[in-house]
Amino acid sequence: MSEPVMKYDEAISKFDPVLGLEVHVELGTQTKMFCGCSTEFGAQPNTQVCPVCLGLPGALPALNRIGVESAIRIGLALNCEIAEWCRFARKNYFYPDMPKNFQTSQYDEPIAFEGYLDVDIDTDEGRKTFRVPIERAHMEEDTGKNSHVGGATGRIHGADYSLVDYNRAGIPLIEIVTKPIEGTGKYAPEVARAYVAALRDILRNLGVSDVKMEQGSLRCDVNLSLRATPESELGTRSETKNVNSLRSVERAVRYEVTRHAARLTAGERIIQETRHWHEDTGISTSGRSKEQAEDYRYFPEPDLMPIAPSREWVEELRASLPENPAVRRARLAQAWGISELEMTTVVNAGAVELIETAVAAGVEPAAARKWWTGELSRIANEREVELDSLPVSPADLGRIEELIASGSLNDKLARQVLEGVLAGEGDVDSIVAKRGLGVVTDDGPLLEAIDAALAADPAVAETIKSGKLAAAGSVVGAVMKATRGQADAARVRELLFERLGVSE
Ligand code: ZN
Ligand code: MN
């Protein structure tokens, strides 16, 4: 059921938005956080489990060192302080996908805290940097996965029965929580997206996770509240859960701004609740009320030792961090010959790594950028998927570019070839052959088409001969149409002027 909303511009003229983002990232460790079970994705249900991750009585956890190391590296990359001493805590709640009936998490003693991440966005006044304050990054474990079978929606309501797979239970998670993000004004949706994009880049660059939003290895909860002015107290917030693409992060913020504004203007109050995001309709619906603060009865985990990372270890990890993302962005922008503003577009499109990979595979930087931030971004948007899940390889782009450079393809045909690649029709050359997409290089058919075009519009020849060369456009257009876009426009122009005996 959809709720009333107010136009975004109007909403933003009346209210000041405050954002909060919680990101859960699944670490790419070989084994789980507290046992030796494999974390491999896609195995048969309940084949990667043991007494520890099934929560059987008497089983004792043992901490994954790489899990802790990854948490520290993430904390450092986000400019956080690293705790000298911290503990795990039990977060008690009862849910079938949590076999222990508590989640081993961290509560008042997170391993990393007080950090920030700077993100750039493109504003009316040019490129602008927003500093997103980070409250904490803590370690915890993932739950199992429920499947509700037999209903229309995949949700529990209306299902005939439910299944649970504990393979995911106990996979290490890092939860990264921002402080309230203020001062974004109308750019709140863009800042939210840019933050998640930048965070994803950093995590991928650290090599700690595959950060696939679609497979759930990076999941984002979006908190939003509105207040009358930036000086007012914080309003009541809603929490939109599991927003699983960059595009949806931006849309979910925009939607909540318009929904909150409509309610507040109508004199209604905002209900503190979690909300479900619906990718297909672009709206969220009410989930669980959070009006009554849940009591998780947190207490320190008695089965695990406190963690006291030595300062030497922390400094070692700091020294081995990959290149600072801002430095890296500046270096890549220079290598690719683009401005910082153009780089911002690339970063926020989530295309940095894709372009880097394509360039490493021999594609010209300008071409790689053109494809990934242009045509491919457009297609990803249309299909409502992430850019990096499009089935196109750097080799495909490289081959298309080769064919353009050699004159065998023009831009229009290249887009059709790409369409074929995305539709899984095979490699570039076989698609060109199968779809008959080569540029017509033989002058014979081109001359025939030119003659036909001139015959259809006798006056145009005289116009061109009289020196109005711009009139050639209509002839070239007619030839392109006659050859279904397979002519080389520059060659057609040349032949036309030859035919009419005029020189350019
Ligand atoms: Zn296990
Ligand atoms: Mn959590």
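The values are calculated or read from the model by the stated rules, or taken from the named source; none is laboratory data. Fair warning: this is a prediction, and the values are worked out from it, not measured in the lab. No Cβ is skipped: glycine too gets one built from the backbone with ideal geometry, and neighbour counts run over all protein chains shown. What goes into the accessible areas is simple: the full protein's heavy atoms, side chains included, and nothing from ligands, DNA or RNA. Shrake-Rupley method; radii C 1.70, N 1.55, O 1.52, S 1.80 Å.
Accessible surface computed residue by residue for the chain, with neighbouring protein chains in place and a 1.4 Å probe, gives 47 Å² per residue. Working note: Cα gyration tensor of the stretch 1-53, eigenvalues times five, square-rooted, sorted largest first, giving semi-axes of 45, 15, 9 Å. For the peptides 299-305, 327-333, 190-196, residues were scored by their other Cβ atoms within 10 Å and the scores averaged per peptide; the highest-first order is 190-196, 327-333, 299-305. Taking the square roots of five times each eigenvalue of the Cα gyration tensor of the stretch 87-213, the equivalent ellipsoid has semi-axes of 33, 21, 14 Å, listed largest first.
Across every direction, the projection of the convex hull enclosing the Cα atoms of the stretch 275-356 has a mean area of 11.5 nm². For the Cα trace of the stretch 308-347, dividing Rg by the Kirkwood Rh returns an Rg/Rh value of 1.27. Across all directions, the shadow cast by the convex hull of the chain built on its C-alpha atoms averages 30.3 square nanometres. Here the stretch 361-490 is described by how far its Cα atoms reach on the three principal axes: 53, 27, 26 Å, from widest to narrowest. Legend: residue pairs Lys186/Lys412; Lys145/Lys212; Lys212/Lys434; Lys145/Lys370, Cα-Cα distance threshold 28 Å; pairs beyond threshold, Lys186/Lys412; Lys212/Lys434; Lys145/Lys370.
For Val327 and Ile271, the difference between the fully extended length at 0.36 nm per residue and the C-alpha to C-alpha distance is 15.9 nm. Each residue, Ser2 and Thr153, gets one label point 7 Å from its Cα in the Cβ direction; the gap between the two is 1.7 nm.
No solvent, one uniform scatterer per C-alpha: report log10 I(q)/I(0) for the stretch 443-500 via the Debye equation at q = 0.20 1/Å, two decimals. So the normalised log intensities work out to -0.61. Based on Cα atoms of the stretch 56-151, Rg over Rh with Rh as the Kirkwood radius reads 1.13.
Going down the list Lys100/Lys290; Lys241/Lys290; Lys14/Lys241; Lys7/Lys128, which pairs span over 20 Å between their C-alpha atoms? In this structure, Lys100/Lys290; Lys14/Lys241; Lys7/Lys128 lie more than 20 Å apart at Cα.
Annotation for Asp442 and Glu125: the two label points, set 7 Å from Cα along the Cα-Cβ direction, are 6.2 nm apart. Seen from all directions on average, the stretch 159-246 presents a Cα convex hull projection of 8.3 nm².
Protein heavy-atom surface of the chain, 1.4 angstrom probe: 51% of the accessible area is carbon and sulfur, with nucleic acids and ligands not counted.
Loop-resident chymotrypsin sites (Phe, Trp or Tyr not before Pro) (DSSP state other than H, G, I, E or B) in the stretch 56-132 with no more than 14 further Cβ atoms inside 10 Å of their Cβ: Trp85, Tyr93, Phe94.
Convex hull volume of the C-alpha atoms in the stretch 325-424, normalised per residue: 96 Å³. Model label sites at Glu312 and Ser389, defined 7 Å from Cα along the beta-carbon direction, differ in position by 4.6 nm. Take every pair of alpha-carbon atoms less than 8 Å apart whose residues are at least six positions apart; their mean separation over the length of the chain yields a relative contact order of 15 percent.
As a ratio to 2.2 N^0.38 Å, the alpha-carbon radius of gyration for the stretch 216-375 is 1.45. FRET efficiency for the Lys186 to Gln292 pair, using the beta carbon distance and R₀ = 30 Å, is estimated at 0.35. FRET efficiency for the Met305 to Asp411 pair, using the beta carbon distance and R₀ = 60 Å, is estimated at 0.45.
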